[in-house]
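A.B. asks: My structure is below; once you've seen it, I'll send some questions.
Read-outs: derived from the displayed coordinates by stated rules, not from any lab. None of these values were measured; they are calculated from a predicted model. When we count neighbours, we look across all protein chains shown, and the Cβ atoms used for this are built from the backbone with ideal geometry, even at glycine.
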Amino acid sequence: MSTYISAQVAIDAAVKATENYADIITDRDPADGEHVVPGELRRFLARLRLLHGVPFSYLVPDSDLLPIESIRFFYIDRAWTDALVQGALSVGTISSADRAQLAAVYPHIQQEVDVAERSIRQPQGEELLAGAGGTITGFLLRSRAVSGWPNLHVRAYSRDLLPDDALTTAAESDPDRMKVLRMERLAPAVLMVLIDGVPAVVHIEEPRQGIQFGVRLDPEDPPAQRRGKVHVRDNATGESVPPKDDFTTANSVKVPFRPGAPGVINVSALRDRLAAKAPNSGGSLEPNEYALQMLRFPYRQVFGDPKDTEGLRFYDLDKFKVTLALPQWKQQVIDNLNMDST
């Protein structure tokens with residue numbers, strides 16, 4: 001008498017054989033140890049979770065949702081990104097046995113991809129963070145600041161402990177600072193940032209490399225008459241003439257333009273205006289004093305600070321302090337020139 005194996009028996013046998021499948025397969029990754037999922041696949045799925053390769057039109061279906069000079073904060077739906085990963089994995093499942101194997105391995109895949117998310121973007125010298133995947137938040141920023149300063153700094157904090165204008169060197173592994181999982185310019189003026197958790201405060205600031213000169217616009221001027229102004233500093237101390245956060249006739253000068261060339265600064269006329277108002281100028285400005293007046297430090301904008309109720313304030317991040325009087329500086333230059341000539 002012949003014995004037959006039905007399709008149901010075959011499927012049940014395949015499912016039974018895969019129950020312990022994940023416990024017997026191991027991939028040895030020289031970078032971070034043993035895993036069930038091969039390293040290249042694990043990192044691909046982690047990048048997929050962080051929306052790498054996802055068309056921008058899927059994230060922002062209409063440009064009106066992200067108008068010019070705007071920022072939009074959001075949460076990422078974990079169910080959506082898990083479905084994205086499952087869809088990518090399902091490409092390799094053809095038979096019922098394949099699907100049974102994937103179902104057995106998937107809990108391990110999910111756990112290992114959670115860890116891999118934190119290693120996709122790892123600043124040099126930073127501690128590698130691990131743990132189960134949690135809530136991911138982020139923001140999209142569309143602004144001229146993104147195109148004007150491609151290396152903007154973004155820092156997120158779980159608690160509002162840092163003064164809005166304070167400098168910090170706290171690493172992303174610091175307990176009060178949250179890890180940035182992804183930070184990328186999707187277009188010349190569009191920045192996307194993903195954060196590991198829900199921050200209490202987010203700081204966005206201009207890059208701190210180099211020295212820059214510049215002028216500011218007075219927001220109280222009518223738009224048709226709005227021109228650049230320079231906030232005057234004391235030549236002896238480098239401190240801004242009060243009030244620091246407002247323009248007055250006593251603490252600022254309007255930027256003059258060359259005749260017949262609007263937008264081109266008349267450098268000589270601007271120097272005379274600054275010399276007339278800057279304290280301890282002596283009625284004229286030396287080149288280094290002129291540079292002191294025109295120096296502009298990076299600015300930071302703070303989001304989420306409960307004390308910053310209007311949510312629009314900027315904070316300058318440095319103070320300039322004069323440590324050498326001008327006559328002493330001149331004498332040092334003369335002495336150095338004399339030494340070089342001998």
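A.B. asks: Explain nothing, just compute: Karplus ³J(HN,Hα) = 6.51 cos²θ - 1.76 cosθ + 1.60, θ = phi - 60°, for every residue of the stretch 59-73 in order, whole Hz, x for Gly and Pro.
C.D. replies: Here the 3J(HN,Hα) series is 8, 10, x, 9, 5, 5, 6, 9, x, 4, 6, 9, 9, 10, 8 Hz.
A.B. asks: Further question: State, to one decimal in nm, how far the label point of ILE120 lies from the label point of ARG258, with both points 7 Å from Cα in the Cβ direction.
C.D. replies: 4.9
A.B. asks: Work out from phi, with θ = phi - 60° and the Karplus expression 6.51 cos²θ - 1.76 cosθ + 1.60, the ³J(HN,Hα) of each residue of the stretch 138-145, listed in order in whole Hz, and give x for Gly and Pro.
C.D. replies: x, 8, 10, 10, 10, 7, 5, 5
A.B. asks: Also, I was wondering about something else. Pull out a ≥ b ≥ c, the square roots of the eigenvalues of the alpha-carbon gyration tensor of the stretch 161-210, then state rounded if a/c is under 1.5, prolate if not and a/b is larger than b/c, and oblate in the remaining case. Mind showing how you got there, number by number?
C.D. replies: Values: a/c = 1.98, a/b = 1.25, b/c = 1.58.
The shape class here is oblate.
A.B. asks: Could you tell me what fraction of 2.2 N^0.38 Å the Cα radius of gyration of the stretch 159-304 comes to, as a two-decimal ratio? Working shown, then result.
C.D. replies: Working: Rg = 19.4 Å, N = 146, 2.2 N^0.38 = 14.6 Å.
In units of the globular-protein estimate, the stretch 159-304 measures up at 1.33.
A.B. asks: Long-range amide H contacts for GLN212: which residues qualify at under 5 Å (H placed 1.01 Å from N, peptide plane, sequence gap of 5 or more or a different chain)?
C.D. replies: Sorted by chain and number, the residues that satisfy this are ARG296.
A.B. asks: Let me ask something else about it. Whole-Hz ³J(HN,Hα) for each residue in the stretch 148-158, computed from phi via Karplus 6.51 cos²θ - 1.76 cosθ + 1.60 with θ = phi - 60°, x for glycine and proline: what do you get?
C.D. replies: Per-residue couplings from phi come out as x, 10, x, 9, 4, 9, 10, 10, 10, 10, 7 Hz.
A.B. asks: In addition: Please list the non-local residues whose amide H lies under 5 Å from the amide H of LEU217, H modeled 1.01 Å from N, same-chain partners needing a gap of 5 or more.
C.D. replies: LYS229
A.B. asks: What ranking do 243-253, 68-78, 42-52, 257-267 get when scored by the average of other Cβ atoms within 10 Å per residue, highest first?
C.D. replies: Working: 243-253: 14.1, 68-78: 12.4, 42-52: 20.0, 257-267: 10.7.
Highest-to-lowest ranking by the protection proxy: 42-52, 243-253, 68-78, 257-267.
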